[in-house]
Amino acid sequence: MPETFRLHNFFRSSTSTRLRAALNLKGISYEYLGYALRKGETRTPEFLSLNPAGLVPVLERKDGPPLVQSLAIIEWLDETQPGPALLPRDPDGRARVRAISFMIGCEIHPLNNLRVLARLAEQFGADEAAQKEWFTHWVRTTFDPLEIMLASDERTGRFCHGDTPGMADCCLYAQIWNNRRFDVDSAAWPTIARIFAALDDLAAFRDAAPPLQPDAVPA
């Protein structure tokens, strides 16, 4: 009997977006539960019992403990669930896909997430313009070398690694949506922009986009 999943997430969260895309690629249905992060809805005792860190996404399942951390969940999905592979089977390919994913997930996201931007405002008085400058700086710091890596490697195909979308594409797609909130234009990175456009043509990614989620509200 197929496992039943409940996805605790936030429509605008890039980590949630990347996991929604991965679930869609695998053809996995789930119950959608949305949380308003700015209202502290992930700080309740009920949510903290799922993830003591108070962060989304959380993938809850009927049999087994809740799963946290989007990249760990994506790899778990690839190891346990049928459907298209999210990482290549060869070690070199897996290392490359992980490297691209970690550049976005471990270099850009931790510096640009809501908690960090809120702390900049609270502790250092950073207004919206200063937060945008901070956000854009860290995107460029990683996207500039990532563009070179993707453009110069023959293993890049229609997507980040070959012609089949996977974990790296989930991360890239989500980050571009996050960039749009701060008017970060992708024109400086033509390979990245091309891959995003190809991903946005796929229902699995398009259906994961922030504006299409049940809890979506205007920016």
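Peptides 4-12, 91-99 ordered by packing proxy, namely the average of other Cβ atoms within 10 Å per residue, highest first: 4-12, 91-99.
Structure remark: mean-square fluctuation, Gaussian network model of the chain, C-alpha springs under 10 Å; the largest value among 89, 180, 20 belongs to 89.
Rounded to the nearest 20, the size of the Cβ-charge dipole of region 55-191 about its Cα centre is 220 debye, with Lys and Arg at +1 and Asp and Glu at -1.
Remark: region 13-29, residue by residue, has Karplus-estimated 3J(HN,Hα) of 5, 5, 5, 5, 4, 5, 6, 4, 5, 5, 4, 5, 4, 7, x, 9, 8 Hz, where x stands for each Gly or Pro and the curve is 6.51 cos²θ - 1.76 cosθ + 1.60 at θ = phi - 60°.
Name the residue farthest towards the positive end of the dipole of region 91-168 from the options 121, 111, 95, assuming +1 on Cβ of Lys and Arg, -1 on Cβ of Asp and Glu, about the Cα centre. Of the candidates, 95 comes out farthest on the positive side. Under 5 Å from the amide H of residue 164 lie the amide H atoms of 159, each residue being 5 or more positions distant or on a separate chain, with H modelled from the backbone and absent for Pro and chain starts.
Relative to the present Cα-Cα distance, how much length would full extension add between residue 4 and residue 188 at 0.36 nm per residue of separation? Let's see the in-between values first.
Numbers: separation 184, 0.36 × 184 = 66.24 nm, distance 4.18 nm.
Here the segment from residue 4 to residue 188 would lengthen by 62.1 nm.
For the pair residue 164 and residue 80 in one chain, pulling the backbone fully straight at 0.36 nm per residue adds 28.3 nm over the alpha carbon distance.
Taking 0.36 nm per residue of separation and subtracting the current Cα-Cα distance, fully stretching the chain between residue 95 and residue 201 would add 35.5 nm. Accessible surface comparison of 128, 79, probe 1.4 Å, protein chains only, largest first: the order is 128, 79. Highest mean packing first, where packing is the average number of other Cβ atoms within 10 Å per residue, the peptides 129-136, 106-113 line up as 106-113, 129-136.
Just want to confirm a number: the relative contact order over the chain, from Cα pairs under 8 angstrom separated by 6+ residues, in percent.
On the way: 280 pairs, mean separation 59.2, N = 219.
In percent, rounded to a whole number, it is 27.
Among 184, 139, 116, the largest mean-square fluctuation in a Gaussian network model of the chain (Cα springs under 10 Å) belongs to 116.
In terms of its alpha-carbon gyration tensor, the chain comes out oblate; a/c meets the 1.5 threshold, while b/c is at least as large as a/b.
For the chain, set up a GNM with springs between Cα atoms under 10 Å and report which of 165, 57, 190 has the largest fluctuation. Sorting by GNM fluctuation, first place goes to 190. At the residue level, residue 177 shows approximately 50 square angstrom of accessible surface with a 1.4 angstrom probe and all protein chains present. The helix-only estimate of mean residue ellipticity at 222 nm for the chain, built from DSSP H runs of length n ≥ 4 each weighted as -39500 (n - 2.57), is -15500 deg cm²/dmol after division by the residue total.
Note on residue 49 and residue 115: their simple-model spin labels are 2.2 nm apart, each label 7 Å out from Cα toward Cβ. From the alpha carbon centroid of region 87-122 to that of region 27-45 is 21 Å.
Evaluate 2.2 N^0.38 Å with N set to the residue count of region 28-100, then give the Cα radius of gyration divided by it. Could you put the intermediate results ahead of the total?
Values: Rg = 14.9 Å, N = 73, 2.2 N^0.38 = 11.2 Å.
Dividing the Cα radius of gyration by 2.2 N^0.38 Å gives 1.32.
Whole-Hz Karplus values for region 118-133 come out as 5, 5, 4, 5, 5, 8, 10, x, 5, 7, 4, 5, 5, 5, 5, 4 Hz, taken residue by residue from phi with 6.51 cos²θ - 1.76 cosθ + 1.60 and θ = phi - 60°; glycine and proline positions read x.
Around the amide H of residue 5, modelled in the peptide plane, lie the amide H atoms of 31, all under 5 Å away and 5 or more residues distant in sequence or on another chain.
The values are calculated or read from the model by the stated rules, or taken from the named source; none is laboratory data. Every value quoted in this text rests on a predicted model; they were computed, and no experiment measured them. Cβ atoms come from the backbone with ideal geometry, glycine included; neighbour counts cover every protein chain shown. What goes into the accessible areas is simple: the full protein's heavy atoms, side chains included, and nothing from ligands, DNA or RNA. Shrake-Rupley method; radii C 1.70, N 1.55, O 1.52, S 1.80 Å.
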